[in-house]
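Undergrad: Quick one: structure below, then a few questions.
The values are calculated or read from the model by the stated rules, or taken from the named source; none is laboratory data. From a predicted model like this one, the values you see are computed outputs, not experimental measurements. Cβ placement follows ideal geometry from the backbone for every residue including glycine, while neighbour counts extend to all protein chains displayed. Surface areas here come from the heavy atoms of the whole protein model, side chains and all, with no ligands, DNA or RNA. Shrake-Rupley method; radii C 1.70, N 1.55, O 1.52, S 1.80 Å.
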Amino acid sequence: MLTILAILIGAVGAATTSYNECPAILKAAGVSDMFAPMIAHSVHSLTLEDIRYFFDADATEENGIPTVNSDLQSDARVLPNAPLVGYDDEFSTMGMKAFDLVMRNMNRTWWGITNYNTLETLLHAYHMAEIWEKTSENYKMVARLLNPESDICTCMTDVENNDVLNYMNLLAFKIRYPGITSGNKTITDQYMKDRVKRSAAYKLSIVIELRSAVVNFDGFNFDLPDVELLGDIAEKLVDNEEVISQHIDSAEHWQFWKDLIKEGMDESGFYDLAVFLFCSLN
């Protein structure tokens, strides 16, 4: 950690930094090799209200943090900025504000994550808030030491080249079309046939993504509509990620989900996320 702190303090401006230099720059700064999928998972449902509460009270709507669009019917699967979603400020805690947002949308089957029931949607909201709470302490340290004009920040915020945006789009497909990367042709062929969302649900787990091989996005153009990409994603981006087989409808099934979310990020993930958020917001 002392080495990382020294690097953050000494980070210099990046007027001539090229993307080819970024892997070495980020590694020297203590950023993990798997930061891109981890960041995509960790900010995919972040809102502007969450940013202002956990990280930067002065953050604006032009915050530069891409997120998955919670409107699953929209052609825009990824948003360029974490949105203002309208938390009810008559509630005084973030927990109640998140609870209210979920409950207000509980009858909208196209909102949030495909085929999560209400308990699972609430769990997801609290799970993400726990990640942001744990990241906030790292954020304070990074904010004290890192120059936002540094080459570290140039590399971290280059989301179009560092794969953060690619992984965000891939996550959006997994949320919209659970099992699309499973390699299970029973699932994927149904998507190809009907171009509809299946009755399965996305498996909330960062562990599967981080343990899998690095995804090769060569040749993928995520500016194309879903219908033009489903076939290639099902065929070329197989990671054997399964769909949820147990919904939260009993104490036994809750234990399954509880174990799942406890397998989340380690300390390096919170640090990576803090660096990304600080660089994006400053």
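Undergrad: How about region 78-131: which of its residues are surrounded by fewer than 19 Cβ atoms within 10 Å (Cβ to Cβ) and among the basic types (Lys, Arg)?
TA: Result: Arg104, Arg108.
Undergrad: Considering region 47-85 alone, what residues qualify as being β-branched (Val, Ile, Thr) and outside any strand (DSSP E or B)?
TA: If we filter region 47-85 for residues that are β-branched (Val, Ile, Thr), which is where we start, we get 47, 51, 60, 65, 67-68, 78, 85.
Once the filter is applied, which keeps residues that are β-branched (Val, Ile, Thr) and outside any strand (DSSP E or B), region 47-85 yields Thr47, Ile51, Thr60, Ile65, Val85.
Undergrad: Further question: In region 177-201, how many residues are in a loop (DSSP other than H, G, I, E, B) and either modelled with pLDDT under 75 or under 26 Å from Thr118 (Cα atoms) (or both)? Let's see the steps before the verdict.
TA: If we filter region 177-201 for residues that are in a loop (DSSP other than H, G, I, E, B), which is where we start, we get 177-184, 195-201.
From what's left, either modelled with pLDDT under 75 or under 26 Å from Thr118 (Cα atoms) (or both): 177-182, 195-201.
So the count comes out to 13.
Undergrad: Taking Lys236, is it under 20 Å from the mean Cα position of the chain (by Cα), open to solvent by 50 Å² or more (accessible area, probe 1.4 Å) and at pLDDT 90 or above?
TA: Numbers: under 20 Å from the mean Cα position of the chain (by Cα): no; open to solvent by 50 Å² or more (accessible area, probe 1.4 Å): yes; at pLDDT 90 or above: yes.
So Lys236 fails the test.
Undergrad: Of all residues in region 102-118, how many are more than 16 Å from Val68 (Cα to Cα) and touching an Asp or Glu at 6+ places or on another chain (Cβ under 8 Å)?
TA: 1
Undergrad: When both residues are 6+ apart or on different chains and their Cβ atoms are under 7 Å apart, which pairs have a first residue that lies in region 107-125 and is under 21 Å from Arg77 (Cβ atoms) and among the polar types (S, T, N, Q), and a second that is open to solvent by less than 30 Å² (accessible area, probe 1.4 Å) and not in a loop (DSSP other than H, G, I, E, B)?
TA: Thr114/Ile175; Thr114/Arg176; Thr121/Val102
Undergrad: Report every pair of residues separated by at least 6 positions or lying on different chains whose Cβ atoms are under 6 Å apart, first residue within region 216-245 and assigned to a helix (DSSP H, G or I), second open to solvent by 100 Å² or more (accessible area, probe 1.4 Å) and modelled with pLDDT of 90 or more.
TA: Note: no pairs meet the criteria.
Undergrad: Just to be sure, is Gly269 within 16 Å of the chain's Cα centre (by Cα), of a type outside the set (A, V, I, L, M, F, W, C) and at pLDDT below 80?
TA: Judged against the criteria, Gly269 is not a match.
Undergrad: Given the criteria closer than 16 Å to Ser45 by Cβ, modelled with pLDDT under 95 and surrounded by 14 or more Cβ atoms within 10 Å (Cβ to Cβ), does Ile65 qualify?
TA: In short, no.
Undergrad: Consider Ala274 carefully, then state whether it is touching a helix residue (DSSP H, G or I) at 6+ places or on another chain (Cβ under 6 Å), part of a helix (DSSP H, G or I) and modelled with pLDDT of 95 or more.
TA: Criteria met by Ala274.
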